[in-house]
Amino acid sequence: MKFIASTTTRLLFPVMLAASLAACQTTSSPLVDGDSGVSYGDAKAVETVTTDLGSTDIQMTSEKMTQSLLQHPLVREIIRKRQLVVASPVQNKTSEYFDTALISDTILVQLQKNGIRYVVAGDEMQNQVDELRRQNQSGLYNQAKTAKIGNMQGAKYRIDGSVSSIKKRNANVKDVYYKINLRLIEIESGIVEWSDEKEIRKTARR
Amino acid sequence: MKQMTMIAALSLALGGVALPLQAAAAEGGSIASKVEQLGEMTYLTFTDMRAVHRDGLLRVQVTLFNTSASNEQLFYRFRWLDADGFSVWEEEPWKPETIYGKQSKVLNVTSPTLKAVDFRIEVQSPSNSTSGHQHPASSADNPPYR
C-alpha cells in the first residue's frame, strides 16, 4: 500500500506542478502596440486636462439640450407629424477653436433616435447636390430609376445656437465660464419656439 | 449601504400611479436598488429619490447630502432601462458635480428617450472607500475622470 501511495505521489507531482505553473501564466491580449504606450480610454470619462472646452462639456451640453427639447410639447408634435428639422451652424463666440458641429450633430443624432427627422445642410449639402447632379446629368444612370432634382424637402424648424465664454485669471487661478445657448426656430415665421442654455465653470490652479 | 439606512421615500410613479417605497426596503423600488456605487460613499448620502413617468418621459429627482464640512466631488450617470431591464439608451457620459460641505444637492434628470421606464444611477466620489466586496470593475482607485 505504501508503495502504491508513493508511486501515485511521484506520478501526480509533475502533473500538479504543471497545473500550478499554468495557473500562474497570463494570457496574451489581442493587441499590437509595439511598446507605443498608446491605450484606449473611456470616451465617457470626465475630462479635465485643460480648461478649454472638451469632450465632457460637449457630451453634457448635448445631453441636457436633448432632454430639454424632448420635454417641449412642440417637439412631441414634430415627432408625431414627422416634420423636418435642420441644424444651422452653432456660432463659436469664444477665443478658442473647436468644432461646434460636435454639439449640433450629437443633438441631431439623439433626437433622431426619438423619431425626429432632419435634413442635410451646410457642408453636407454639397455632397447631396453632387450626387443629384451625378445621377441626373452624367448620363451614366438609368433615368427611370434616378433620384430626381427638385424633390428635396425643406425643414419647418431649425436649430441654431452659440457658445460664449468669459475668462478670468490671476497669478494662481484661471477661471473660464462657458455659456452654450441653443434655440429651436420656426423657419417661416422666425419665431423662437424653444431655447435653453448650459452653463459650465472650469477652474485651474496655475 | 449604511448611507442608505436613512428613511427616505422613493416614489416611483408609473402611468400616474405613485408607489411610495422605503429606502431600507429590499424590493426593487428602494433607493438602494436604484444606486450602483463604485466603492462606498464615505461622505455623500442619498436622502431622497423620486421618479415619475410623465408625458412619456421618466423624470427622476435625486437628493444627496454631504455629511462632511468640506466640498465633495461627485461623478454620476444614469442608465435607462425598459420594463425587462434592458438598456434603452447609449452609455451616458460621467457628469461631475461639486457638493459643498453640509449641502443638500438636488439632481433633476429626464430620460433622453421615450422608451425608458426604469433607471439606475451610477455614482462615484474620490473619497469613496473600497473596503468590502465590490464589483471587480469598480474601484475608488479608478475614478471616472482623466
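Mind checking A:47-57 for the average number of partner chain beta-carbons within 10 Å of each residue's beta-carbon?
2
In what sequence do B:Ser87, B:Ser33, A:Ser95 fall when counting other Cβ within 10 Å, fewest first?
Listing B:Ser87, B:Ser33, A:Ser95 from fewest to most nearby Cβ atoms yields A:Ser95, B:Ser87, B:Ser33.
Tell me, A:His72, B:His53 in order of fewest to most beta-carbon neighbours within 10 Å?
By the 10 Å Cβ count, ascending: A:His72, B:His53.
How many angstrom lie between the Cα centre of the range B:50-122 and the Cα centre of the range A:129-206?
Here the two parts' Cα centres lie 28 Å apart.
Give the angle, between 0 and 90 degrees and rounded to the nearest 10, that separates the Cα long axis of helix A:101-112 from the longest principal axis of the Cα atoms of chain A.
90
Calculate how steeply helix A:55-71 sits against the longest principal axis of the alpha-carbon atoms of chain A, using the helix alpha-carbon long axis, and give the answer as 0 to 90 degrees to the nearest 10.
Value to nearest ten degrees: 60.
Pairs A:Lys64/A:Lys202; A:Lys64/B:Lys102; A:Lys93/A:Lys113; A:Lys179/B:Lys115; A:Lys93/A:Lys174; A:Lys44/A:Lys64: which exceed 21 Å Cα-Cα?
A:Lys64/B:Lys102; A:Lys93/A:Lys113; A:Lys179/B:Lys115
Pick out, in residue order, every one of the GluC sites (Glu not before Pro) in the range A:114-204 that is DSSP loop and has at most 16 other C-beta atoms within 10 Å; say none if there are none.
When the GluC sites (Glu not before Pro) of the range A:114-204 are filtered for loop state and at most 16 Cβ neighbours within 10 Å, A:Glu188 remain.
Between A:Asn136 and A:Lys81, how high is the FRET efficiency from 1/(1 + (r/R0)^6) when r is the Cβ-Cβ distance and R₀ = 51 Å? Nearest 0.05.
Using R0 = 51 Å, I get an efficiency of 0.95.
I need A:Thr203, A:Thr27 ordered by Cβ neighbour count within 10 Å, fewest first.
Listing A:Thr203, A:Thr27 from fewest to most nearby Cβ atoms yields A:Thr27, A:Thr203.
Within 10 Å of each candidate Cβ there may be at most 16 other Cβ atoms; applying that plus a DSSP loop requirement, which GluC sites (Glu not before Pro) in the range B:33-114 survive?
Passing sites in the range B:33-114 are B:Glu90, B:Glu91.
Please list, or write none, the aspartates and glutamates whose alpha carbon is within less than 13 Å of the alpha carbon of A:Lys156, excluding same-chain residues fewer than 8 places away.
Hits, sequence-local ones excluded: A:Glu77, A:Glu186, A:Glu188, A:Glu193.
Over the whole of B:85-97, what's the average partner chain Cβ count within 10 Å per residue? Rounded to a whole number, please.
Other-chain Cβ atoms within 10 Å of each residue's Cβ, averaged: 4.
Where a number appears in this text, it was derived from the coordinates with a stated rule and is not lab data. No experiment lies behind these values; they were computed from the predicted model shown. Glycine gets a Cβ as well: all are built from the backbone with ideal geometry, and neighbour counts include every protein chain shown.
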